[in-house]
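One structure below.
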Amino acid sequence: MSKQRATAVSWPNKPMPELRKELLLDGQYSREEFVTISQGLVPQSPADKWFIYLADEWLYFHRSASGSCIFQLQIMPDDNGYAADILLVNQDPGQYRSLSDAYDVALVSYLIDAILLGRFASFPQPEQFSQEDHAKHQQHVMGQNPTADGGLSLRVVNGNR
């Protein structure tokens, strides 16, 4: 069974507010990656915190509970596949509180890699947070138990294997 492509009408959402910041990026995706990214993500349960869809050349990232548009990433075809050059970041403090430009870029990269492309990716951790706050932050942003996010964890086993 193939997954239904997410569109603007797949989930309730709000437009990006006028209060926004534009960041210039140097991102690149292959044609195959773009096809996968363009499928987007429609939340399947209350634990799914993001609704993501592609419309024209913009990839939209909305919080699923509020419908607020947090990020818009422009992805345009170029000679090497697809270039991701512009990221719009919601600056309305009632909808999103940006920790830093670098964190916003890392979070969008994580959402694309881990959620849309299904790659192993480490959740970006803000430097100013304690370890306990890292876990709370990840659960707030991703809606998952931080130790059960599908990533790999290391454990030491005594003995030879």
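The values are calculated or read from the model by the stated rules, or taken from the named source; none is laboratory data. Since we're looking at a predicted model, the values are computed, not measured. No Cβ is skipped: glycine too gets one built from the backbone with ideal geometry, and neighbour counts run over all protein chains shown.
The residue that is nearest to the chain's Cα centre (by Cα), counting only those in region 23-60 that are farther than 20 Å from Pro77 by Cα and either hydrophobic (A, V, I, L, M, F, W, C) or in a strand (DSSP E or B) (or both), is Trp50.
Among the listed residues Phe34, Phe51, identify the single one that is touching a Leu at 6+ places or on another chain (Cβ under 8 Å) and of a type outside the set (Val, Ile, Thr). Working first, answer last.
Values: Phe34 fails: touching a Leu at 6+ places or on another chain (Cβ under 8 Å).
So the residue among Phe34, Phe51 that is touching a Leu at 6+ places or on another chain (Cβ under 8 Å) and of a type outside the set (Val, Ile, Thr) is Phe51.
Looking at the structure I just gave you, is Asp133 modelled with pLDDT under 95 and farther than 25 Å from Glu32 by Cα? Considered against the rule, which asks whether it is modelled with pLDDT under 95 and farther than 25 Å from Glu32 by Cα, Asp133 comes out as yes. Scanning region 86-144 for residues that are of a type in the set (Gly, Ala, Ser), part of a helix (DSSP H, G or I) and surrounded by fewer than 17 Cβ atoms within 10 Å (Cβ to Cβ) turns up Ala102, Ala135. For region 97-127, the set of residues classified as on the phi > 0 side of the Ramachandran plot and modelled with pLDDT of 95 or more is empty.
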